[in-house]
Amino acid sequence: MAFETGSRPGIFIARKVFPEVVARLGEHFDVEMNDTDHVLSPEQLAQRLQGRVGVLTTGSERVDAALLAACPELKIVANIAVGYNNFDMAAINAAGVLATNTPDVLTETTADFGFALLMATARRLTESEHFLRAGQWNRWSLDMFAGAEVHGSTLGILGMGRIGQAIARRGAHGFGMNVIYHNRSRLDGALEAECKARYVDKAELLRCADHLMLVLPYSPESHHSIGAAEIAQMKPSATLINIARGGIVDDAALAHALREKRIAAAGLDVFEGEPKVHPDLLTVPNVVLTPHIASATLGTRMAMAMLAADNVIAYLTQGKALTPLNP
Ligand code: DGY
């Protein structure tokens, strides 16, 4: 990609990132960052992008036709996330802009967190901690906070991409779980054998899972994949874990089902309309709630931001990004 001799193309970083990432970009570009760590409004973002050829975004910034029309010099939008439902890909393609995401670098960390949330939910970790902190613990008793078994139980996985597979491996090899999964397409036999996972249809997944883990991308097709009708098919003893995206679960229906003990418990890292959380979820005890932190270790967040920066550098200096979404 050719730039005028002597000019340093401008890059904007929409959210605060590590100094090492700014420094790496600074070797090639004139870099400006939103260091307030507040999410910019679409108007503020468009204004900050004037004259800039690249931007690092997170899932909180929407890249759509309006933004692209307001920023005609933009050549690359690099998401610091593997999910990219904040990107309107049709508009990005139509504008001739390259989009990238950050696959692979967060797979194992996110799968670790999926398991942490599953175990916290099944074994009622936050509920029992609140009880203790509130000074309510005055005796040991046999059935106090008795939860659901994890080892040897049936783990259902909806969405079997890289993270789904990493969760399947943990479940099958680490906890001796019987792993079943449903996905748009079935894994090849070798991968199924390695993950010790059996393909089932969605009805069987809902009916048989003791713990149902959601790991599918958000799209209009996956909107409310789990609502009242699906929850009604699950075991009353089951748990539901969502580390994928808000909107895949109908949060109002889930809160109702939890209150009615239609399923035993849920663990949620993502929410419809986050950072807002459905108020009913905040008042039911049998749900573990975390603020979209599944990939949040310092090492992984650094790797994600570095990969986004390297995508910008590779594309703008050599014409080829490392992890493009629209080659
Ligand atoms: C991702 O990478 O998609 C995570 O959800 C962080 O946004």
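The values are calculated or read from the model by the stated rules, or taken from the named source; none is laboratory data. Everything quoted here is computed from the prediction, not taken from an experiment. Here the Cβ positions follow ideal geometry from the backbone for every residue, glycine too, while neighbour counts run over all protein chains shown.
Worth a mention:
- Qualifying residue in region 134-151 (condition: of a type in the set (Ser, Thr, Tyr), farther than 24 Å from Asp201 by Cβ and modelled with pLDDT of 95 or more): yes
- Among the residues of region 139-177, the one identified as farther than 23 Å from Pro236 by Cβ, assigned to a loop (DSSP other than H, G, I, E, B) and in contact (Cβ under 8 Å) with a residue 60 or more places away in the chain is Gly159.
- Qualifying residues in region 63-85 (those that are more than 16 Å from the ligand (Cβ to nearest atom) and outside any helix (DSSP H, G or I)) - the one surrounded by the fewest Cβ atoms within 10 Å (Cβ to Cβ): Pro72
- Any hit, region 97-109, residues being more than 18 Å from the chain's Cα centre (by Cα), more than 16 Å from the ligand (Cβ to nearest atom), surrounded by fewer than 18 Cβ atoms within 10 Å (Cβ to Cβ) and outside the structural domain of Glu272 (by TED's automatic domain parsing): no
- Some residue of region 280-296 being of a type in the set (Asp, Glu) and within 16 Å of the ligand (Cβ to nearest atom): no
- Just one of the listed residues (Ala264, Ala309, Ala253, Ala257) is touching a helix residue (DSSP H, G or I) at 6+ places or on another chain (Cβ under 9 Å) and either among the basic types (Lys, Arg) or within 26 Å of Glu27 (Cα to Cα) (or both), namely Ala309.
- Residues being within 11 Å of the ligand (Cβ to nearest atom) and free of Cβ contacts under 8 Å to residues at least 40 places away in the same chain - total across region 268-279: 2
- There is no residue in region 35-47 that is at pLDDT 95 or above and closer than 21 Å to Thr317 by Cβ.
- Residues in region 48-62 that are within 14 Å of the ligand (Cβ to nearest atom) and assigned to a loop (DSSP other than H, G, I, E, B) were compared, and the one that is surrounded by the most Cβ atoms within 10 Å (Cβ to Cβ) is Glu61.
- Check on Asp143, within 16 Å of the ligand (Cβ to nearest atom) and surrounded by fewer than 17 Cβ atoms within 10 Å (Cβ to Cβ): no
- Of all residues making up region 24-47, the number that are under 27 Å from the mean Cα position of the chain (by Cα), in a helix (DSSP H, G or I) and free of Cβ contacts under 8 Å to residues at least 40 places away in the same chain: 5
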